[in-house]
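One structure, as structure tokens, below. Some questions next.
The values are calculated or read from the model by the stated rules, or taken from the named source; none is laboratory data. Just so it is clear, the model here is predicted, and its values are computed rather than measured. Cβ placement follows ideal geometry from the backbone for every residue including glycine, while neighbour counts extend to all protein chains displayed. Heavy atoms of the whole protein, side chains included, go into the accessibility calculation; ligands, DNA and RNA do not. Shrake-Rupley method; radii C 1.70, N 1.55, O 1.52, S 1.80 Å.
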Amino acid sequence: MIEVNALSKQFGSFTAVDDISFTMQPGEVFGLLGPNGAGKSTTIGCISGLIPPSSGQIAISGHDLIRGPRAAKARLGIVPQELAIYEDISVVQNLRYWGAAYGLRGAKLAERVADVLEVIGLVDRGWDKPKDFSGGMKRRLNFGCGIVQEPDVLLLDEPTVGVDPQSRERLFDMVRAQIVRGASVLYTTHHMEEAESLCDRIAIVDKGRKIAEGTLAQLRAQVGERDIITLTGAFGPDLALNDVLPEGVAILQADVDRLTLETEDGPARLARLLDALSKAGAEVRETVVRRPNLESLFLKLTGAELRA
Amino acid sequence: MTFLIASGLKNLQRIAVQPWSVAIWIGVPLLVGSLLSAVMGGSDGETPKVHLLIADDDGSFLSGTLIDMLAREELGDLLILEPVATVSGRAMLDEGAASAMLVIPSGFQTAYLASEPQALRLVVNPLQQIFPEMAEELTGLIADFGSYAQLAFGPELDTMGELISDAEDGAGPETAAAIGTLASGTATKLFRALPLLTEAPIEIAVETTDGAREASFTMLFFPGLLMMSVILAAQGLAEDLWQEREMGTLRRLRSTIAPLGTFLLARVVSSSFALVLVILPLGLLGFTVLDLDWGSLPLTLAWLTLAGLMLSALASLIQVLAPTRKAAALFSSLVFFPLLLVGGSFFPLESMPDFLATFGRLTPNGMMLEPLKAHLIGTGELAAFVPILGISVAATLAMTAATAWRLRAGFATR
């Protein structure tokens, strides 16, 4: 449904997206996971036709976005990160407007508006104006305006920012309903839990580059069944870590105030590890043990936290 | 077509939820027009009177006669006279309590009878312009009259001077009686001649051309008032572009297949409806009060709507060229407020200095105003609209195209 091939985007001397490629199949949720500033929104901007790529190709349902933008965009639906609805006209009028913007008319438009009202759960609020709605209800309308034309591909750019857990679950249900219909969903987020919960395949991006891609199981396998232990404290420059650390503990990152280590069965080895460091003169103030997950994979691949 | 209709309806619905904006677009010109008409006497209203203070430092028969002439019916319709002392009169002028003060200096009678040159002083209120000028005109008339009377009644005034001199030297009661008889007879002749100041036996009859009506201040001002509401509405309608950008709806629109041209065309259509909604109440009121030809109303509405679309296109271009919403509001004010002032909306072009009126006629609003005003007064031909129509349509299209370019170039995608 979407083919992105060697997509790059420069803003002056700054490279926001650097040679990213992936494909999405019908009925699949594809996640773009990365910290703030990784290039996720720029990638979405290029795919939605708002940002012209510096290089690369994008095809939506077989239609080249650059050469045939109208045909490509007609199959695309977008749920932007910020709300993009008219708060001073009713829900129905919002849906009619955005449906008409995608070429729907007449009975088809009326039918789709009715269907979307059901999907987003605003049937009894159809003639009310969003300015009186809760944030969650506005988000639902925002979602509805992106699916009124029954897109083949749906782009969701961090749609749960500022959303309460109940509304977030509702949003996930609406996304899954689109999958059942056969649409592809490109979902960007910096929340690991969302990606793990919703996505069939995930690409991890950092500093504009794709650093990993696969199903959740495949990505976890890259981490292995090894825990990540992060220690914060004082680790003097003279500390010979390789001599101090117990066998089976690998160093991922070492600074004078922070150690990131990898080992199997981290909780069981923790006591020996702390004892060894203490005897060597190190001072440990905080300890975090992470089981294998996307965050630990990101940490392993980049040495940085996934969350800013 | 469906998107055009949906977009136009969306725009109108969003205007409808801002009744205060529409009220301002109609109310401000109504208020300004009412105030200015009241100040200038309206279409057939009472002529305003000049509050003139009189400081008679001479206290003579002749100075009293001069004051009586100012108070007579012919000039009394224009003047409110108030005798004061010079010092207190100055204080009143400083407080703004009067328009001017005429000071008759001590020795006025003596100098007049001796045919010596002299000056009456007219002290004006510096904060006023029109009424002091009227006072100067009116007292100037009296001064001219007095000068001609010196020539016409020269022998009588010479005799009067001699008799007064004799009386001052201690002449008997017969001298006083002679002075009284001569003064009375001369004054009677003077007052008989006074109506000539305002009703000359030879007059110029003023006629207007066939079909034309005499244009009062309110009549000259009315089209400018309508244009004021059009300008306010055009500015207000254009501000919506920044609103749509900040709401994210412009960005979302650019990701759909809806053509930007259709979006802008819908804005033109909805703006037209909004402009008619704004112009119609003021137009109906003006046509009723001024008793204008109702057959001119459709042309007036259509022409002003076209003017509004052109001005809205200008306002929209300013909006999309500005880097921020605040800058857009500032630039818009910097452009449109001067246009309001010099383009005939606050003051009729006829009341401005020639160079300013010429400049005003070159402004977009002034250019549109002139043929309409001429048509409503009855001095203009329909053919005069044609070249202006061409210019305004071309300008509207050019500015709209520039706005579309700017929307595509980044305004709509940020």
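Identify the single condition in (1) in contact with a strand residue (DSSP E or B) (Cβ under 8 Å, 6 or more places away or on another chain); (2) in a helix (DSSP H, G or I); (3) more than 13 Å from residue A:156 (Cα to Cα) that residue A:211 does not satisfy, given that it satisfies every other one.
It is condition (2) that residue A:211 fails.
Just give me the residues in segment B:378-392 being part of a helix (DSSP H, G or I) and touching a Lys or Arg at 6+ places or on another chain (Cβ under 6 Å), in sequence order.
Selection gives nothing.
State all residues of segment A:121-145 that are crowded, with 20+ Cβ neighbours inside 10 Å, of a type in the set (A, V, I, L, M) and away from chain B (no Cβ under 14 Å); if no residue qualifies, say none.
Matches in segment A:121-145: A:122 only.
If I go through segment B:3-41 residue by residue, how many of them are modelled with pLDDT under 90, in a helix (DSSP H, G or I) and facing chain A (nearest Cβ under 10 Å)?
Result for segment B:3-41: 0.
For every residue, the table says whether it meets (1) in a helix (DSSP H, G or I); (2) over 27 Å from residue A:48 (Cβ atoms); (3) of a type outside the set (S, T, N, Q).
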| residue | (1), (2), (3) |
| --- | --- |
| B:263 | yes, no, yes |
| B:272 | yes, yes, no |
| B:275 | yes, yes, yes |
| B:279 | yes, yes, yes |
| B:288 | yes, yes, no |
| B:292 | no, yes, yes |
| B:298 | yes, yes, yes |
| B:303 | yes, yes, yes |
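Take the conditions at pLDDT 80 or above and under 30 Å from residue B:291 (Cα atoms) and apply them to residue B:63. Does it pass?
no
Hey, another quick one. Within segment A:49-71, count every residue that is under 15 Å from residue B:254 (Cβ atoms) and at the interface with another protein chain (Cβ under 9 Å from one of its Cβ atoms).
5
Answer with yes or no whether residue A:193 is within 27 Å of residue A:15 (Cβ to Cβ) and out of contact with any Leu (no Cβ under 7 Å at 6 or more places or on another chain).
No; evaluated as a whole, the condition is false for this residue.
Looking at A:226, A:170, A:272, A:220, which is the one that is open to solvent by 40 Å² or more (accessible area, probe 1.4 Å) and closer than 30 Å to residue A:72 by Cα?
A:170
A further question on this structure: Exactly one of these conditions fails for residue B:260: (1) surrounded by 22 or more Cβ atoms within 10 Å (Cβ to Cβ); (2) in contact with a Lys or Arg (Cβ under 8 Å, 6 or more places away or on another chain). Give me its number.
(1)
A further question on this structure: Here is a list: A:118, A:87. Which entry is surrounded by fewer than 24 Cβ atoms within 10 Å (Cβ to Cβ) and within 11 Å of chain B (Cβ to nearest Cβ)?
Going through A:118, A:87 in turn, the sole match is A:87.
When the residues of segment A:97-115 are narrowed to those that are more than 32 Å from the chain's Cα centre (by Cα) and part of a helix (DSSP H, G or I), which ends up surrounded by the most Cβ atoms within 10 Å (Cβ to Cβ)?
Here the answer is A:110.
Open to solvent by less than 70 Å² (accessible area, probe 1.4 Å) and modelled with pLDDT under 90: is that true of residue A:240 in this structure?
yes
Now for a different question. Given the conditions (1) surrounded by 22 or more Cβ atoms within 10 Å (Cβ to Cβ); (2) more than 9 Å from chain B (Cβ to nearest Cβ); (3) in a helix (DSSP H, G or I), and given that residue A:151 satisfies all but one, which numbered condition is not satisfied?
Evaluating residue A:151 over (1) surrounded by 22 or more Cβ atoms within 10 Å (Cβ to Cβ); (2) more than 9 Å from chain B (Cβ to nearest Cβ); (3) in a helix (DSSP H, G or I) leaves (3) as the failure.
Another question, then. Residues being small (Gly, Ala, Ser), closer than 18 Å to residue A:300 by Cα and open to solvent by 40 Å² or more (accessible area, probe 1.4 Å): count how many of those fall in segment A:181-217.
1
Scan the helices (runs of 4 or more DSSP H) fully inside segment B:316-377 and keep the ones with 3 or more residues being modelled with pLDDT of 90 or more and open to solvent by less than 30 Å² (accessible area, probe 1.4 Å).
Hits in segment B:316-377: B:325-342, B:364-377.
Taking segment B:277-304 on its own, how many of its residues are within 18 Å of residue B:385 (Cα to Cα) and surrounded by 19 or more Cβ atoms within 10 Å (Cβ to Cβ)?
Of the residues in segment B:277-304, 3 are within 18 Å of residue B:385 (Cα to Cα) and surrounded by 19 or more Cβ atoms within 10 Å (Cβ to Cβ).
Does segment A:39-48 contain at least one residue that is within 11 Å of chain B (Cβ to nearest Cβ) and touching a Cys at 6+ places or on another chain (Cβ under 9 Å)?
No, segment A:39-48 contains no residue that is within 11 Å of chain B (Cβ to nearest Cβ) and touching a Cys at 6+ places or on another chain (Cβ under 9 Å).
Let me ask something additional. Testing residue A:302 on (1) in contact (Cβ under 8 Å) with a residue 12 or more places away in the chain; (2) open to solvent by 70 Å² or more (accessible area, probe 1.4 Å), one condition comes back false. Which one is that?
Every listed condition holds for residue A:302 apart from (2).
Report the residue count in segment B:87-104 for those that are under 25 Å from residue B:118 (Cβ atoms) and either of a type outside the set (Val, Ile, Thr) or surrounded by fewer than 22 Cβ atoms within 10 Å (Cβ to Cβ) (or both).
12
Continuing with this model, one more query. Among the small types (Gly, Ala, Ser) and in contact with a Pro (Cβ under 9 Å, 6 or more places away or on another chain): does that describe residue B:378?
Criteria not met by residue B:378.
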